[in-house]
Amino acid sequence: MLADDAVLLREGLASLLERFGHTVAAAVGDAGALLAAAAEHRPDLVITDVRMPPTHTDEGLRAALTLRAGDPQPAVLVLSQYTATAYAAELLAPAGRAGVGYLLKDRVGDITEFADAVTRVGAGETVIDPDVVRQLLTRQRAADPLARLTPREREVLGLMAEGRSNAWIARALLVGDAAVAKHIGNIFAKLDLPGPDDGHRRVLAVLTYLRA
């Protein structure tokens, strides 16, 4: 399902997604229609803008939060020109097994990469634009939970927040997989995240990073 008040973008996205083999059950222009259509069609994935009628503030993102709290729970990909920091961290919090993503329209420069992001979110992964991560990081707290991390550990955690795998991080930083695993282990320990489920601890570490 698609939700965007710009009809040309909405129809263009629908055509693009169908070209990559997806079925678009509905394409709507406001948050109320999004929730109604989601209840009717029970989609696997919802792609929504943030600002939609009637107030053009954060209706789309609040509708996405409602969907993330519902049953059945669809994967949600926010595709917008804006980062709504008041709700973005909440959107990216763990909410079952459905995937979640937040991409900025102006930074989508490759159609194939966008299609890959849609597939990854639909498959249950988390995909976050690096600029969204940076904007969320401007909301600093008085007590910084990341203060104990080294610059390299912060760099690794930032890449984790972008949804990168250990192997990808190792290639990007020109280090071995074991070095990345050691950095991540140190991150878990310094953030006081309990084990032994590394997948769960990874999500908690990313949320700490985004909310810091």
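The values are calculated or read from the model by the stated rules, or taken from the named source; none is laboratory data. Quick caveat: nothing in here was measured; it's all calculated off a predicted structure. Counting neighbours? That spans all protein chains shown, and the Cβs are built from the backbone with ideal geometry, glycine included. Just so you know, the surface numbers come from the protein's heavy atoms only, side chains and all, with ligands and any DNA or RNA stripped out. Shrake-Rupley method; radii C 1.70, N 1.55, O 1.52, S 1.80 Å.
Quick notes
- Restricted to the range 41-58, and to residues there that are more than 24 Å from ALA123 (Cβ to Cβ) and out of contact with any Ser or Thr (no Cβ under 9 Å at 6 or more places or on another chain), the residue that is least open to solvent (accessible area, probe 1.4 Å) is MET52.
The rows are residues; the columns are (1) in contact with a Leu (Cβ under 8 Å, 6 or more places away or on another chain); (2) at pLDDT below 90.
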site	(1), (2)
PRO74	yes, no
GLN81	yes, yes
LEU91	yes, yes
GLY96	no, yes
ALA115	yes, no
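- Taken over the range 69-109, the criterion of being among the hydrophobic types (A, V, I, L, M, F, W, C) and part of a loop (DSSP other than H, G, I, E, B) is satisfied by ALA69, ALA84, LEU92, ALA93, ALA95, ALA98, VAL108.
- Tally of residues being closer than 19 Å to PRO43 by Cα, among the β-branched types (Val, Ile, Thr) and either touching a Pro at 6+ places or on another chain (Cβ under 6 Å) or not in a strand (DSSP E or B) (or both) across the range 110-134: 3
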